[in-house]
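Input: a single structure, listed below in structure tokens.
Values quoted throughout were computed directly from the atomic coordinates according to the rules given, and no laboratory measurement underlies them. From a predicted model like this one, the values you see are computed outputs, not experimental measurements. Cβ atoms come from the backbone with ideal geometry, glycine included; neighbour counts cover every protein chain shown.
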Amino acid sequence: MRPRLLIALAAAAALAMPLAAHAAMDMPGGGGGGSGSGPTVSIGFEAYQPSRVDALAGEAVRWMNDSARQHTVTAEDGAYDSGRLSLGASFTHAYDAPGAYRYFCTLHPSMRGEVDVHRVLLVAPGAPAGAGRVYPLRGRAALPAGAQVSIEADSGGGYAPAAQATVGDDGTFTAALTPSVSASYRAVAGGDTSPPVEVLVLDHAVRATVVRGARRAVVQVQVTPAAPGATVVLQLRLRDRFGWWPLITRRLDAASRARFVVGARGGVPARVLLTLRDGATELARSPTLSVAPRQARPRARA
Amino acid sequence: MTVRATLVALLVAGAAALAAAPADAQTRDYWVAAVPVDWNMVPNERDALGGTSFTAAETVLPTVVYRRYSPGWMHPERNAALDGGNQDLIPGPLLRARAGDRIRVHFKNLDSAFRRPHSMHFHGVHYRPSSDGAYLPGFSGQDADVAYGRTWTYRLTAGRDSVGVWPYHDHSPSMDASIAGGMYGMLSILGRHDPLPDREFEVVFAPMGQFQTIDGRAFVGDTPVFRSTVGQLVQWDVMAMGSEHHTFHVHGHRWIAPGGVPRDTQSIGPAETYRIRWREESPGTWLYHCHVESHMNAGMIGIYRVKPR
């Protein structure tokens with residue numbers, strides 16, 4: 001690496017990481033030793049919540065014991081140890097370099113957690129986007145001001161560049177997206193890739209029609225505006241599943257259509273959801289349908 | 001011959017006898033891959049007993065699982081038959097054999113999401129160290145550290161001492177994250193003349209995310225809905241993974257444990273397995289669950305429906 005770049009990176013790292021490699025335990029009511037900008041983990045009776053968090057390199061992660069039991073936050077590799085934390089006590093630690101860092105409680109070794117440290121992170125969008133409208137996607141980076149961040153999008157066909165952003169003096173960046181369909185976004189910079197976040201575009205409609213036969217029902221689906229490759233799920237409301245149950249998952253074809261074939265069932269409501277690729281996060285749904293068998297026509301009396 | 005040498009000879013001869021292949025033994029080939037999935041632990045988004053609702057953001061876990069494939073990893077296949085009662089993807093494909101059979105498990109790492117190394121490590125069967133699949137720096141080979149895009153064939157033999165149900169799981173450097181994410185399955189090995197059960201249900205107790213799961217699912221309706229008919233020979237393959245103990249309990253039924261003791265609840269620790277059989281005679285809709293109550297309340301409960309004949 002060139003010396004000037006090394007110096008610049010080291011200077012930026014020093015600015016961005018005031019707490020790097022330092023750990024501190026603070027007591028109830030104390031000011032604490034953390035920067036406050038990183039994630040906070042609640043220590044419960046028998047689990048860390050959440051058990052996995054994302055943090056920026058150099059950013060302080062804070063653990064708060066919210067349970068009546070004593071616990072510790074102890075690195076699996078021995079790099080740090082909070083000692084015993086009683087109810088209300090907290091502990092902070094900052095990680096220098098990207099990576100997955102696992103920790104556990106020495107008093108209750110089945111309690112385990114993980115901090116995934118990155119150089120670049122996207123802020124999970126709090127609201128859905130409108131199709132064709134500018135949407136600000138925000139993030140944070142442990143990179144020098146002026147560093148370029150590439151924003152990549154995947155709406156079903158793999159990640160591709162979607163926007164660029166520049167890291168500001170405060171370590172944040174904003175990319176102006178104009179999404180037309182829901183997609184996963186990730187940020188790439190400084191040799192690191194952020195975990196993905198989902199941007200929902202919620203103006204789709206799901207139209208479903210049923211062709212009912214004696215033994216099976218064919219459900220035809222059309223999603224507008226077109227979202228080829230998007231995920232649709234046929235759900236049935238089943239008594240022994242205690243609610244709506246995803247029965248079949250399909251991808252919309254090039255014409256934004258899909259087709260489900262199910263055994264005909266009387267008294268079982270059906271519906272089709274448009275979801276993110278996880279098949280679970282709902283974007284839109286059809287009205288409730290019937291997949292009951294077609295009634296045989298009564299024979300004409302002679 | 002010294003006493004020690006005699007003991008070694010006897011042990012070798014004993015092991016050979018246990019693993020010896022009968023005349024009608026088969027070689028069984030299984031094709032398996034590690035594949036990424038977005039796994040929903042609570043597809044109906046509710047705990048119907050506790051009255052709690054969830055959103056997909058709380059219940060979907062991007063993870064890696066074992067998936068059954070056609071020969072040559074040409075096409076993905078369902079891990080479990082549609083009408084079998086077991087669900088797809090978690091646990092991994094049930095690998096069936098009879099005592100004396102040779103088993104070849106052809107494994108491919110298709111973990112395109114995390115690109116972690118993976119492996120398969122099998123309990124209960126005979127194999128050489130190159131089929132152990134367990135990572136040990138400086139000692140283990142490619143079998144224990146199958147990189148993304150690479151393959152390995154594990155060569156196993158079901159001995160007479162392999163009859164029963166056994167775990168398999170990732171034992172690569174990624175073992176902890178893989179097991180927490182559902183990378184486990186079972187071998188089901190029958191004696192040469194054991195009758196096939198009419199129904200074979202897989203029950204794996206393991207924590208996942210914030211839930212206590214059966215086969216990676218939490219709460220009634222989400223965990224497998226097992227079904228049988230009065231008169232059928234029913235077999236439950238029960239296993240625990242993780243770091244906690246569980247108790248397998250089925251309402252309205254009893255079975256005979258080794259030693260002739262009737263039971264309706266079986267304690268089970270990490271990587272322990274039990275094969276439990278009975279001839280079904282109790283129609284109705286029954287609960288099955290872990291009787292560690294904090295586990296049951298966190299999701300380790302399901303229903304079993306028996307039709308009258």
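Calculate for chain A the 222 nm mean residue ellipticity that helices alone would give, adding -39,500 (n - 2.57) per DSSP H run of length 4 or more and normalising by residue count, nearest 500 deg cm²/dmol. Write out the running numbers ahead of the final one.
Working: 1 runs with 14 residues, N = 302.
Dividing the helical sum by the residues of chain A leaves -1500 deg cm²/dmol.
Taking every alpha carbon pair in the stretch B:39-104, what does the distance histogram look like in 10 angstrom bins from 0, in percent?
Answer for the stretch B:39-104: a P(r) of 17, 33, 32, 12, 6 percent.
Which value, in debye to the nearest 20, gives the size of the charge dipole of the stretch B:85-155 about its Cα centre, when Lys and Arg are +1 and Asp and Glu are -1 at the Cβ?
Working: 10 positive and 6 negative charges, 45 e Å.
In debye, rounded to 20, the stretch B:85-155 gives about 220.
Which of rounded, prolate, oblate describes chain A, given a ≥ b ≥ c as roots of the alpha-carbon gyration tensor eigenvalues and a/c under 1.5 marking rounded, otherwise prolate only if a/b is larger than b/c? Display every interim value, and only then the final one.
On the way: a/c = 3.68, a/b = 1.79, b/c = 2.05.
Oblate is the answer for chain A, as a/c is 1.5 or above yet b/c matches or exceeds a/b.
Taking amide H positions as placed 1.01 Å from N in the peptide plane, with prolines and chain starts having none, which residues 5 or more places from A:Val41, or on another chain, fall under 5 Å of its amide H?
Close amide H contacts, sequence-distant or interchain: A:Arg62, A:Trp63, A:Met64.
Amide H neighbours of A:Ala147 under 5 Å, counting only residues 5+ apart in sequence or on other chains, H built in-plane at 1.01 Å?
When sequence neighbours closer than 5 places are left aside, the close amide H contacts are A:Val167.
What is the stretch B:156-255's relative contact order, in percent, from Cα pairs under 8 angstrom and six or more apart in sequence? Walk me through the numbers before you get to the answer.
Details: 126 pairs, mean separation 25.5, N = 100.
It comes to 25 percent, rounded to a whole number.
About its Cα centre, what dipole magnitude does the stretch A:205-290 give when the only charges are +1 on Lys and Arg Cβ and -1 on Asp and Glu Cβ, stated in debye to the nearest 20?
300 debye
For chain B, what does the helix formula give at 222 nm: sum of -39500 (n - 2.57) over DSSP H segments with n ≥ 4, over the residue count, nearest 500 deg cm²/dmol?
Computed ellipticity for chain B at 222 nm equals -3000 deg cm²/dmol.
Gap in Å between the Cα centre of the stretch A:181-223 and the Cα centre of the stretch B:75-150?
32 Å
Using the crude model of +1 on Lys and Arg Cβ and -1 on Asp and Glu Cβ, and no other charge, please compute the dipole size for the stretch A:120-199 relative to its Cα centre, in debye to 20. It would help to have the intermediate numbers written out before the result.
Numbers: 4 positive and 6 negative charges, 31 e Å.
Around 140 debye, computed over the stretch A:120-199.
Normalised by the residues of chain A, what does the relative contact order come to in percent, with Cα pairs under 8 Å and at least six apart?
Values: 778 pairs, mean separation 36.3, N = 302.
Relative contact order, chain A: 12 percent.
On a C-alpha basis, how far is the centre of the stretch B:157-203 from the centre of the stretch A:72-116 in Å? Whole number, if you could?
34 Å
Taking H placed 1.01 Å from N in the peptide plane, check which residues at least 5 places from A:Ala89 or on another chain put their amide H under 5 Å from its amide H.
The list, which skips near neighbours in sequence, is A:Asn65.
Can you give the longest stretch of chain B with no exposed loop site, where a site means GluC sites (Glu not before Pro) in a DSSP loop (not H, G, I, E or B) with at most 15 other C-beta atoms within 10 Å?
B:78-280
Averaging sequence separations of C-alpha pairs under 8 Å and six or more residues apart, then dividing by the length of the stretch A:205-290, give the relative contact order as a whole percent. Mind dumping the intermediate values first?
Details: 202 pairs, mean separation 29.9, N = 86.
Reported as a whole number, the value is 35 percent.
How large is ³J(HN,Hα), in whole Hz, for each residue of the stretch B:181-189 in order, when computed from phi with the Karplus curve 6.51 cos²θ - 1.76 cosθ + 1.60 and θ = phi - 60°, using x for Gly and Pro?
Per-residue couplings from phi come out as x, x, 7, 8, x, 9, 9, 10, 10 Hz.
Which of rounded, prolate, oblate describes chain B, given a ≥ b ≥ c as roots of the alpha-carbon gyration tensor eigenvalues and a/c under 1.5 marking rounded, otherwise prolate only if a/b is larger than b/c? The partial results should precede the final answer.
Values: a/c = 1.78, a/b = 1.22, b/c = 1.46.
Cα axes put chain B in the oblate bin.
Among A:Ala127, A:Gly139, A:Gly158, flag the residue with its Cα farthest along the positive direction of the charge dipole of the stretch A:120-199, charges on Cβ as +1 for Lys/Arg and -1 for Asp/Glu.
The Cα lying farthest towards the positive end belongs to A:Ala127.
Taking θ = phi - 60°, what integer Hz values does the Karplus form 6.51 cos²θ - 1.76 cosθ + 1.60 yield along the stretch A:71-83, in sequence order, with x for Gly and Pro?
9, 10, 10, 10, 5, 4, 8, x, 5, 7, 8, 6, x
Relative to the longest principal axis of the C-alpha atoms of chain A, give the angle of the C-alpha long axis of helix A:3-16, reported between 0 and 90° and rounded to the nearest 10°.
80 degrees
Each residue of the stretch A:252-260 in order: what ³J(HN,Hα) in whole Hz does its phi give by Karplus 6.51 cos²θ - 1.76 cosθ + 1.60, θ = phi - 60°, with x for Gly and Pro?
5, 7, 4, 8, 6, 10, 8, 9, 10
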